[in-house]
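Visitor: Can you read through this structure? Questions will come right after.
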Amino acid sequence: MTTATQSIEVRRLSPALGAEIIGVDLREPLSGEVFEQILHAWHENLVVLLRNQDLSEDQQWEFGRRFGPLAGGHIPELEGSREGIAYVSNVRKDGKLIGILPDGEMQFHSDQCYRELPSQGSMLHAITIPSAGGDTLFANCYSAYDTLPRDVKQRLVGLRARQVYDYNLNPTQRGTREIAADVPTWVHPVVRIHPATGRKALYVSRLMTSRIEGLAEHESDQLLNLLFDHVEQAQFIYSHAWQKGDVLMWDNRCALHARTNFDPAETRLMRRITLMGEPVVAG
Ligand code: OGA
Ligand code: MN
(Lines give C-alpha, C1' and ligand atoms only; values in the text may rest on other atoms or scores of the structure.)
(Ligands and ions follow the chains in the order given, each with its own letter.)
Protein backbone atom coordinates (compact mmCIF):
# COMPACT_ATOMS: atom_id res chain seq x y z
CA MET A 1 0.00 0.00 0.00
CA THR A 2 1.29 3.42 -0.79
CA THR A 3 0.43 6.55 1.09
CA ALA A 4 0.12 9.63 -1.01
CA THR A 5 1.89 12.66 0.37
CA GLN A 6 -0.74 15.28 0.80
CA SER A 7 0.43 18.75 0.13
CA ILE A 8 -1.30 22.03 0.61
CA GLU A 9 -0.82 25.35 -1.10
CA VAL A 10 0.20 28.31 1.04
CA ARG A 11 -0.46 31.70 -0.55
CA ARG A 12 0.59 34.95 1.12
CA LEU A 13 -2.23 37.38 1.87
CA SER A 14 -0.26 40.60 2.10
CA PRO A 15 3.32 41.90 2.43
CA ALA A 16 2.67 42.50 6.15
CA LEU A 17 1.47 39.06 7.23
CA GLY A 18 -1.06 36.30 6.63
CA ALA A 19 -1.30 33.21 4.47
CA GLU A 20 -4.19 31.45 2.83
CA ILE A 21 -4.13 27.67 3.02
CA ILE A 22 -5.60 26.12 -0.10
CA GLY A 23 -6.63 22.52 -0.59
CA VAL A 24 -7.94 21.59 2.84
CA ASP A 25 -11.51 20.70 3.77
CA LEU A 26 -11.71 20.91 7.55
CA ARG A 27 -14.76 18.64 7.65
CA GLU A 28 -12.48 15.77 6.64
CA PRO A 29 -10.02 14.17 9.07
CA LEU A 30 -6.76 16.14 9.04
CA SER A 31 -3.57 14.09 8.80
CA GLY A 32 -0.69 14.89 11.12
CA GLU A 33 1.35 15.81 8.10
CA VAL A 34 -1.11 18.39 6.79
CA PHE A 35 -1.66 19.77 10.26
CA GLU A 36 2.11 20.27 10.66
CA GLN A 37 2.16 22.24 7.41
CA ILE A 38 -0.69 24.46 8.64
CA LEU A 39 1.04 24.96 12.00
CA HIS A 40 4.27 25.88 10.24
CA ALA A 41 2.44 28.36 7.99
CA TRP A 42 0.78 29.86 11.08
CA HIS A 43 4.10 30.38 12.83
CA GLU A 44 5.67 31.85 9.69
CA ASN A 45 2.76 34.11 8.72
CA LEU A 46 1.04 35.00 12.05
CA VAL A 47 -2.41 34.53 10.51
CA VAL A 48 -3.77 31.61 8.50
CA LEU A 49 -6.98 31.67 6.50
CA LEU A 50 -8.98 28.76 5.09
CA ARG A 51 -11.84 29.83 2.84
CA ASN A 52 -15.17 28.21 1.97
CA GLN A 53 -15.43 26.06 5.06
CA ASP A 54 -18.76 25.17 6.60
CA LEU A 55 -18.01 23.77 10.02
CA SER A 56 -20.24 22.59 12.81
CA GLU A 57 -19.27 23.55 16.33
CA ASP A 58 -17.75 20.08 16.78
CA GLN A 59 -15.70 20.28 13.60
CA GLN A 60 -14.32 23.71 14.46
CA TRP A 61 -13.54 22.56 17.98
CA GLU A 62 -11.69 19.49 16.63
CA PHE A 63 -9.55 21.70 14.40
CA GLY A 64 -8.88 24.28 17.10
CA ARG A 65 -7.71 21.83 19.69
CA ARG A 66 -5.00 20.51 17.35
CA PHE A 67 -3.12 23.75 18.06
CA GLY A 68 -3.15 23.23 21.80
CA PRO A 69 -5.47 23.15 24.80
CA LEU A 70 -8.44 25.48 24.57
CA ALA A 71 -9.11 28.33 26.98
CA GLY A 72 -11.45 27.93 29.90
CA GLY A 73 -13.73 30.71 31.01
CA HIS A 74 -16.77 29.63 29.05
CA ILE A 75 -19.77 31.76 29.99
CA PRO A 76 -22.73 29.38 30.40
CA GLU A 77 -25.40 32.02 29.61
CA LEU A 78 -23.94 32.47 26.15
CA GLU A 79 -24.37 30.22 23.16
CA GLY A 80 -21.68 27.57 22.60
CA SER A 81 -21.82 24.21 24.25
CA ARG A 82 -18.34 23.84 25.65
CA GLU A 83 -15.16 25.49 26.91
CA GLY A 84 -13.04 27.26 24.33
CA ILE A 85 -16.02 28.18 22.12
CA ALA A 86 -17.86 31.49 22.05
CA TYR A 87 -19.78 33.54 19.52
CA VAL A 88 -18.63 37.00 18.52
CA SER A 89 -21.96 38.43 17.51
CA ASN A 90 -24.65 41.07 17.74
CA VAL A 91 -27.38 38.41 17.41
CA ARG A 92 -29.95 38.41 20.18
CA LYS A 93 -32.25 35.63 21.31
CA ASP A 94 -35.21 36.66 23.44
CA GLY A 95 -33.66 40.11 23.69
CA LYS A 96 -30.37 38.81 25.05
CA LEU A 97 -27.02 38.80 23.25
CA ILE A 98 -25.85 35.28 22.43
CA GLY A 99 -22.18 36.27 22.21
CA ILE A 100 -19.41 38.70 23.02
CA LEU A 101 -18.02 41.86 21.35
CA PRO A 102 -21.34 42.60 19.59
CA ASP A 103 -20.99 45.96 17.93
CA GLY A 104 -18.73 48.51 16.45
CA GLU A 105 -15.14 49.39 16.00
CA MET A 106 -12.44 47.90 18.22
CA GLN A 107 -8.95 49.30 18.53
CA PHE A 108 -5.82 47.16 18.28
CA HIS A 109 -5.30 44.63 21.04
CA SER A 110 -4.06 41.14 21.85
CA ASP A 111 -6.60 38.76 23.39
CA GLN A 112 -6.31 38.19 27.14
CA CYS A 113 -3.06 40.19 27.48
CA TYR A 114 -4.49 41.31 30.84
CA ARG A 115 -4.18 37.76 32.19
CA GLU A 116 -1.14 36.11 33.71
CA LEU A 117 -1.33 33.50 30.96
CA PRO A 118 -2.68 35.19 27.82
CA SER A 119 -4.25 33.20 25.00
CA GLN A 120 -1.77 32.07 22.36
CA GLY A 121 -4.21 32.31 19.51
CA SER A 122 -7.84 32.85 18.53
CA MET A 123 -9.84 31.57 15.58
CA LEU A 124 -12.98 32.99 14.00
CA HIS A 125 -15.31 31.16 11.62
CA ALA A 126 -17.48 33.58 9.67
CA ILE A 127 -21.09 32.38 9.61
CA THR A 128 -22.96 35.62 8.80
CA ILE A 129 -21.21 38.83 7.82
CA PRO A 130 -22.52 42.35 7.22
CA SER A 131 -22.65 43.71 3.67
CA ALA A 132 -19.98 46.29 4.48
CA GLY A 133 -17.45 46.94 7.26
CA GLY A 134 -16.67 44.70 10.20
CA ASP A 135 -13.25 43.96 8.69
CA THR A 136 -10.56 42.64 11.01
CA LEU A 137 -7.11 44.24 10.84
CA PHE A 138 -3.94 42.47 11.91
CA ALA A 139 -0.61 44.12 12.76
CA ASN A 140 2.76 42.36 12.63
CA CYS A 141 4.48 42.92 15.98
CA TYR A 142 7.73 41.23 14.89
CA SER A 143 8.19 43.72 12.06
CA ALA A 144 7.13 46.55 14.34
CA TYR A 145 9.80 45.59 16.86
CA ASP A 146 12.49 44.95 14.24
CA THR A 147 12.02 48.36 12.63
CA LEU A 148 12.13 50.45 15.81
CA PRO A 149 15.02 52.90 15.96
CA ARG A 150 17.96 51.50 17.89
CA ASP A 151 17.60 53.99 20.76
CA VAL A 152 13.94 53.09 21.25
CA LYS A 153 14.81 49.37 21.31
CA GLN A 154 17.40 50.16 23.93
CA ARG A 155 14.84 52.04 26.03
CA LEU A 156 12.51 49.05 25.95
CA VAL A 157 15.00 46.60 27.45
CA GLY A 158 13.58 45.28 30.72
CA LEU A 159 10.42 47.43 30.56
CA ARG A 160 7.08 46.04 31.63
CA ALA A 161 3.63 47.41 31.04
CA ARG A 162 0.26 47.09 32.71
CA GLN A 163 -2.41 45.50 30.55
CA VAL A 164 -6.00 46.18 31.52
CA TYR A 165 -9.37 44.88 30.39
CA ASP A 166 -10.99 48.28 30.63
CA TYR A 167 -11.28 50.17 27.37
CA ASN A 168 -11.32 53.55 29.14
CA LEU A 169 -7.97 53.28 30.85
CA ASN A 170 -5.51 53.47 27.98
CA PRO A 171 -3.51 56.62 27.22
CA THR A 172 -5.49 57.28 24.04
CA GLN A 173 -8.84 57.19 25.79
CA ARG A 174 -8.04 58.14 29.38
CA GLY A 175 -11.67 58.15 30.41
CA THR A 176 -10.70 57.04 33.88
CA ARG A 177 -7.47 56.57 35.81
CA GLU A 178 -8.40 54.14 38.54
CA ILE A 179 -8.43 50.44 37.82
CA ALA A 180 -11.63 49.07 39.35
CA ALA A 181 -11.19 46.14 41.71
CA ASP A 182 -13.00 43.68 39.44
CA VAL A 183 -11.15 44.60 36.24
CA PRO A 184 -8.70 41.92 35.03
CA THR A 185 -5.17 43.28 34.82
CA TRP A 186 -1.60 41.99 34.63
CA VAL A 187 1.90 43.35 34.02
CA HIS A 188 3.84 41.89 31.07
CA PRO A 189 7.11 42.64 29.28
CA VAL A 190 6.84 45.30 26.55
CA VAL A 191 8.83 43.00 24.25
CA ARG A 192 8.25 39.26 24.32
CA ILE A 193 9.87 36.23 22.74
CA HIS A 194 7.66 33.90 20.75
CA PRO A 195 8.15 30.38 22.11
CA ALA A 196 7.96 28.69 18.69
CA THR A 197 9.91 31.10 16.49
CA GLY A 198 12.28 32.62 19.06
CA ARG A 199 11.61 36.05 17.52
CA LYS A 200 11.04 39.27 19.47
CA ALA A 201 7.66 40.94 19.21
CA LEU A 202 6.28 44.20 20.57
CA TYR A 203 3.61 43.40 23.17
CA VAL A 204 1.64 46.60 23.78
CA SER A 205 -1.65 47.76 22.27
CA ARG A 206 -3.71 50.91 22.11
CA LEU A 207 -6.85 49.29 23.51
CA MET A 208 -5.44 47.48 26.51
CA THR A 209 -2.02 48.80 27.58
CA SER A 210 -2.41 51.52 30.20
CA ARG A 211 1.00 52.23 31.66
CA ILE A 212 4.68 51.38 31.48
CA GLU A 213 5.93 50.54 34.93
CA GLY A 214 8.53 52.76 36.56
CA LEU A 215 7.99 55.75 34.24
CA ALA A 216 6.21 59.00 35.05
CA GLU A 217 2.74 59.06 33.54
CA HIS A 218 3.58 61.59 30.81
CA GLU A 219 6.71 59.65 29.83
CA SER A 220 4.77 56.41 29.76
CA ASP A 221 2.01 58.00 27.65
CA GLN A 222 4.56 59.44 25.25
CA LEU A 223 6.43 56.17 24.79
CA LEU A 224 3.25 54.11 24.49
CA ASN A 225 1.73 56.45 21.93
CA LEU A 226 4.95 56.30 19.93
CA LEU A 227 4.79 52.49 19.98
CA PHE A 228 1.07 52.39 19.12
CA ASP A 229 1.57 54.76 16.17
CA HIS A 230 4.54 52.71 15.03
CA VAL A 231 2.88 49.30 15.08
CA GLU A 232 -0.30 50.65 13.43
CA GLN A 233 1.49 51.82 10.28
CA ALA A 234 -0.02 50.52 7.04
CA GLN A 235 3.13 48.61 6.12
CA PHE A 236 2.64 46.26 9.11
CA ILE A 237 -1.07 45.69 8.58
CA TYR A 238 -3.22 43.17 6.76
CA SER A 239 -6.89 44.09 6.56
CA HIS A 240 -9.18 41.10 6.27
CA ALA A 241 -12.49 41.50 4.43
CA TRP A 242 -14.52 38.51 5.59
CA GLN A 243 -16.34 36.07 3.38
CA LYS A 244 -18.91 33.65 4.70
CA GLY A 245 -17.13 30.36 5.39
CA ASP A 246 -13.77 31.87 6.32
CA VAL A 247 -11.84 30.18 9.10
CA LEU A 248 -9.09 32.50 10.24
CA MET A 249 -6.67 32.01 13.09
CA TRP A 250 -4.30 34.63 14.50
CA ASP A 251 -1.36 34.43 16.87
CA ASN A 252 -1.85 36.69 19.90
CA ARG A 253 1.87 36.45 20.78
CA CYS A 254 3.12 38.32 17.72
CA ALA A 255 0.10 40.04 16.15
CA LEU A 256 -2.44 42.62 17.26
CA HIS A 257 -5.93 42.82 15.82
CA ALA A 258 -8.63 45.48 15.49
CA ARG A 259 -12.10 45.72 13.92
CA THR A 260 -13.70 48.35 11.72
CA ASN A 261 -17.20 49.62 12.28
CA PHE A 262 -20.32 48.13 10.72
CA ASP A 263 -24.03 48.81 10.67
CA PRO A 264 -25.48 47.49 13.95
CA ALA A 265 -28.74 46.78 12.13
CA GLU A 266 -26.95 44.07 10.11
CA THR A 267 -26.13 40.64 11.50
CA ARG A 268 -22.56 39.61 12.21
CA LEU A 269 -22.07 36.10 13.52
CA MET A 270 -18.64 34.52 14.02
CA ARG A 271 -17.83 31.39 16.00
CA ARG A 272 -14.69 31.82 18.03
CA ILE A 273 -12.23 29.31 19.45
CA THR A 274 -9.77 30.61 22.02
CA LEU A 275 -6.56 28.75 22.70
CA MET A 276 -5.33 28.48 26.25
CA GLY A 277 -2.81 30.83 27.69
CA GLU A 278 0.88 30.37 28.25
CA PRO A 279 3.63 32.23 30.12
CA VAL A 280 4.99 35.40 28.51
CA VAL A 281 8.75 35.32 28.05
CA ALA A 282 10.51 38.69 28.17
CA GLY A 283 12.53 39.69 25.12
C1 OGA B 1 -11.95 38.81 19.06
C2 OGA B 1 -11.98 40.04 18.25
C3 OGA B 1 -12.58 40.95 16.13
C4 OGA B 1 -13.69 40.85 15.16
O5 OGA B 1 -12.74 37.90 18.75
O6 OGA B 1 -11.12 38.73 19.96
O7 OGA B 1 -11.29 40.98 18.60
O8 OGA B 1 -13.45 41.19 14.00
N9 OGA B 1 -12.73 40.03 17.17
O10 OGA B 1 -14.80 40.48 15.55
MN1 MN C 1 -9.88 40.35 20.22
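Visitor: Under 8 Å for C-alpha pairs, at least 6 residues apart: give me the relative contact order for the chain, rounded to a whole percent. Present the calculation step by step, with values, prior to reporting the outcome.
Guide: Values: 634 pairs, mean separation 91.0, N = 283.
Relative contact order comes out at 32 percent.
Visitor: Let me ask you something else. I want to check the label-to-label distance for E83 and D146. Put each point 7 Å from Cα in the C-beta direction and report it in nm to one decimal.
Guide: Label-label distance for E83 and D146, simple model: 3.7 nm.
Visitor: Of R271, R115, R11, which has the largest mean-square fluctuation in a 10 Å C-alpha GNM of the chain?
Guide: The residue that fluctuates most here is R11.
Visitor: Working out 0.36 nm times the residue gap between N225 and I75, then minus their Cα-Cα distance, what length gain in nm do you get to one decimal?
Guide: Values: separation 150, 0.36 × 150 = 54.00 nm, distance 3.37 nm.
My answer for the length gained is 50.6 nm.
Visitor: Does anyone have the angle between helix 217-231 and the longest principal axis of the chain? Alpha-carbon axes, 0 to 90°, nearest 10?
Guide: Value to nearest ten degrees: 30.
Visitor: If you don't mind, another one. Suppose the chain between S239 and E213 were pulled fully straight at 0.36 nm per residue; how much longer would it get relative to their current alpha carbon spacing?
Guide: 6.2 nm
Visitor: Another question, then. Taking the alpha-carbon distance from K244 and a cut-off under 26 Å, which lysines remain once sequence neighbours fewer than 8 residues away in the same chain are dropped?
Guide: The qualifying lysines are K93, K96.
Visitor: Summing +1 for each Lys or Arg and -1 for each Asp or Glu, what net charge is found among the other residues whose Cβ lies under 13 Å from the Cβ of K93? Mind dumping the intermediate values first?
Guide: Numbers: positive: R92, K96; negative: E77, E79, D94.
My count for the surroundings of K93 gives -1.
Visitor: Rounded to the nearest 10 Å², what accessible area does W242 have for a 1.4 Å probe in the complete protein model?
Guide: Answer for W242: close to 20 Å² accessible.
Visitor: Sticking with this structure for a sec: Rounded to a whole number, what % of the accessible area of the stretch 140-231 do carbon and sulfur atoms account for, probe 1.4 Å? If you can, show how the numbers build up before the last one.
Guide: Numbers: 2120 of 4390 Å².
Using a 1.4 Å probe with all protein chains present, the stretch 140-231 comes out at 48 percent carbon and sulfur.
Visitor: Given R₀ = 41 Å, FRET efficiency for E44-A181 by Cβ-Cβ distance, to 0.05?
Guide: Numbers: r = 42 Å, r/R0 = 1.02.
Result of the calculation: an efficiency of 0.45.
Visitor: Lys/Arg Cβ at +1, Asp/Glu Cβ at -1, dipole of the chain taken about the Cα centre: which of Q6, L26, L226 is farthest positive-ward?
Guide: Result: L226, furthest along the dipole toward the positive end.
Visitor: Another question, then. For the chain, what does -39500 (n - 2.57) per DSSP helix run (n ≥ 4), summed and divided by total residues, give at 222 nm, in deg cm²/dmol to the nearest 500? Write out the running numbers ahead of the final one.
Guide: Details: 5 runs with 51 residues, N = 283.
Result for the chain: -5500 deg cm²/dmol, rounded to the nearest 500.
Visitor: When the accessible area of the stretch 34-132 is split by element with a 1.4 Å probe, what percent falls to carbon and sulfur?
Guide: About 48 percent, which is the carbon plus sulfur part of the accessible surface.
Visitor: Please state the charge dipole magnitude for the chain, taken about the Cα centre, from unit charges on C-beta atoms (+1 on K and R, -1 on D and E), reported in debye and rounded to the nearest 20.
Guide: Values: 29 positive and 36 negative charges, 98 e Å.
Charge dipole of the chain: 460 debye, to the nearest 20.
Visitor: Could you provide, to the nearest whole Å², the per residue accessible area of the stretch 140-231 with probe 1.4 Å? Walk me through the numbers before you get to the answer.
Guide: Working: 4390 Å² over 92 residues.
With all protein chains present, the stretch 140-231 gives 48 Å² per residue.
Visitor: Turning to a different aspect of this structure: Under a Cβ-only charge scheme (Lys and Arg +1, Asp and Glu -1), can you give me the dipole magnitude of the stretch 140-231 about the Cα centre, in debye to the nearest 20?
Guide: 340
Visitor: What residue among V183, V47, V88 has the largest mean-square fluctuation in a Gaussian network model of the chain, using Cα springs under 10 Å?
Guide: In this elastic network of the chain, the residue with the biggest mean-square fluctuation among V183, V47, V88 is V183.
Visitor: Another one. Could you tally the net charge around A282, taking each other residue with its Cβ under 12 Å from the Cβ of A282, Lys/Arg +1 and Asp/Glu -1? Please report the intermediate quantities before stating the final value.
Guide: On the way: positive: R160, R192, K200; negative: none.
Local charge sum for A282: +3.
Visitor: A further question on this structure: Among Q53, Q120, Q233, which one moves the most in a GNM of the chain with springs linking Cα atoms closer than 10 Å?
Guide: Its mean-square fluctuation being the largest, the pick is Q233.
Visitor: Let me have the relative contact order for the stretch 40-101, percent, based on Cα pairs under 8 Å that are six or more residues apart. Can you show the working numbers first?
Guide: Numbers: 53 pairs, mean separation 11.7, N = 62.
Rounded, it is 19 percent for the stretch 40-101.
The values are calculated or read from the model by the stated rules, or taken from the named source; none is laboratory data. Because the structure is a prediction, the values reported are computed rather than measured. Note that each Cβ is placed from the backbone with ideal geometry, even for glycine, and that neighbours are counted across all protein chains shown. Each accessible area value is taken on the protein alone, full model and side chains, heavy atoms only, with ligands, DNA and RNA left out. Shrake-Rupley method; radii C 1.70, N 1.55, O 1.52, S 1.80 Å.
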